[in-house]
Amino acid sequence: MIELARPWALLLLVPVVIGFWLHRRSNHQPEALRHSRLSLLPSSGSFRVRLRKLSPWLTVLAMVLMVIALARPRVSHLSQQVAGEGIDIVVALDISGSMRALDFEPEDRLGAAKRVIRDFIAGRPHDRAGLVLFAAKAFTQCPLTLDHRVLLEFLDEVAVGMIDDGTAIGLGLATAVNRLKDSDAESKVVILLTDGLNNDSTLEPETAAELARTLDVRVYTVAIGREGVAPYPVDDPIFGRRTRPMETKIDEELLRRIAATTGGEMFRATDPEALTGIFATIDRLETTRNETLVSTYHRELMGWYAGPALVLLLVEALLCATWLRRLP
């Protein structure tokens with residue numbers, strides 16, 4: 001939208017118009033000269049004569065443009081309120097060896113989890129999100145950020161084997177909670193996704209859950225994979241890649257206690273559709289709204305008027321000093 005920052009400056013057009021009108025009136029009756037043969041005089045319709053009549057118009061047009069420039073025309077991009085979620089979310093993702101199980105065909109468990117997490121993050125552009133990985137140990141793959149493009153690039157790099165094998169649920173949860181300890185968001189959430197039993201005693205999951213509760217962090221736990229036997233890929237040096245049955249166990253009761261301690265919920269995903277539905281449910285549960293003011297900015301157009309005005313004044317001055325010069 002085009003607006004004027006100083007619309008009162010347009011009042012200067014009044015003296016410009018009055019001055020031009022008075023100038024035209026004073027020159028309306030040119031001086032007369034009697035001559036016996038008019039054919040000997042230069043034609044009044046010559047190009048130079050017509051250009052001399054145009055000279056005052058150049059001046060007044062330049063003055064009008066200068067007045068408009070003084071009024072500061074500009075294109076304004078108005079402020080608006082944009083709804084955001086106001087939530088900081090950290091996903092704690094299990095990358096232990098059992099996440100290679102093929103019961104989420106055509107993907108393994110980790111591939112299915114990465115795809116659903118990607119869609120979940122892409123659907124929340126106004127929330128900060130981060131990613132923590134854990135197996136025998138835990139580390140932050142990506143801290144909280146609004147640059148979801150970078151976060152998704154880090155997610156694409158996730159693979160089994162980045163950490164020594166194991167399932168340190170307590171360390172994974174504590175690392176994710178630690179990323180949120182300095183957050184001032186209205187809602188702080190951890191989504192912990194695992195397919196196994198906690199087998200590391202460095203930090204008990206219940207202790208990490210109490211830490212989350214103290215920091216007002218809500219934890220949603222997701223158990224991924226079928227209980228019992230699942231196909232697992234094996235690279236044989238002679239027969240190549242093949243699958244063999246592998247027994248998997250998930251401590252649902254532990255995940256349920258973690259969620260209950262922090263005010264979250266526990267979910268179970270046994271196929272890709274269920275996993276997608278779980279993240280859709282979490283997406284609906286975490287809808288703390290806030291309003292973000294998008295600031296206004298202006299693109300000044302003054303130069304588009306002041307520039308031509310100066311050019312017109314320069315052209316008129318050069319013409320009057322050279323070709324249209326009046327001799328005494």
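Only the coordinates and a few stated rules stand behind these numbers; no lab work does. All of these numbers come straight from a predicted model, not from anything done at the bench. Virtual Cβ from ideal backbone geometry, glycine too; neighbours counted across all protein chains shown.
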Once the piece of chain linking VAL75 and LEU4 is laid out straight, how much longer is it, given 0.36 nm per residue of separation minus the C-alpha distance between them?
24.7 nm
Along the positive direction of the dipole of region 82-289 (beta-carbon charges: Lys, Arg +1; Asp, Glu -1; about the Cα centre), which of ILE191, ALA280, LEU133 reaches farthest?
ALA280
Relative contact order of region 82-289: what whole-number percent is it, with Cα pairs under 8 angstrom and at least 6 residues apart?
24 percent
Residue separation times 0.36 nm, minus the C-alpha to C-alpha distance between VAL150 and ASP271: what's the value?
40.7 nm
Order of LYS188, LYS137 from fewest to most other C-beta atoms within 10 Å?
LYS137, LYS188
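Under a Cβ-only charge scheme (Lys and Arg +1, Asp and Glu -1), can you give me the dipole magnitude of region 82-289 about the Cα centre, in debye to the nearest 20? Walk me through the numbers on the way to the answer.
On the way: 24 positive and 36 negative charges, 34 e Å.
Charge dipole, region 82-289, about its Cα centre: 160 debye, nearest 20.
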Extended-chain gain in nm, criterion 0.36 nm per residue less alpha-carbon gap, VAL14 and TRP304:
102.2 nm
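Assuming R0 = 56 Å, can you tell me the calculated FRET efficiency for the pair ARG241 and THR287, based on Cβ-Cβ distance, to the nearest 0.05?
0.80
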Arrange CYS320, CYS142 by Cβ neighbour counts within 10 Å, fewest through most, would you?
CYS320, CYS142
Ranked LEU193, LEU211, criterion: other C-beta atoms within 10 Å, fewest first
LEU211, LEU193
Theoretical FRET efficiency, 1/(1+(r/R0)^6), r = Cβ-Cβ of ALA280 and THR202, R0 35 Å, to 0.05:
0.55
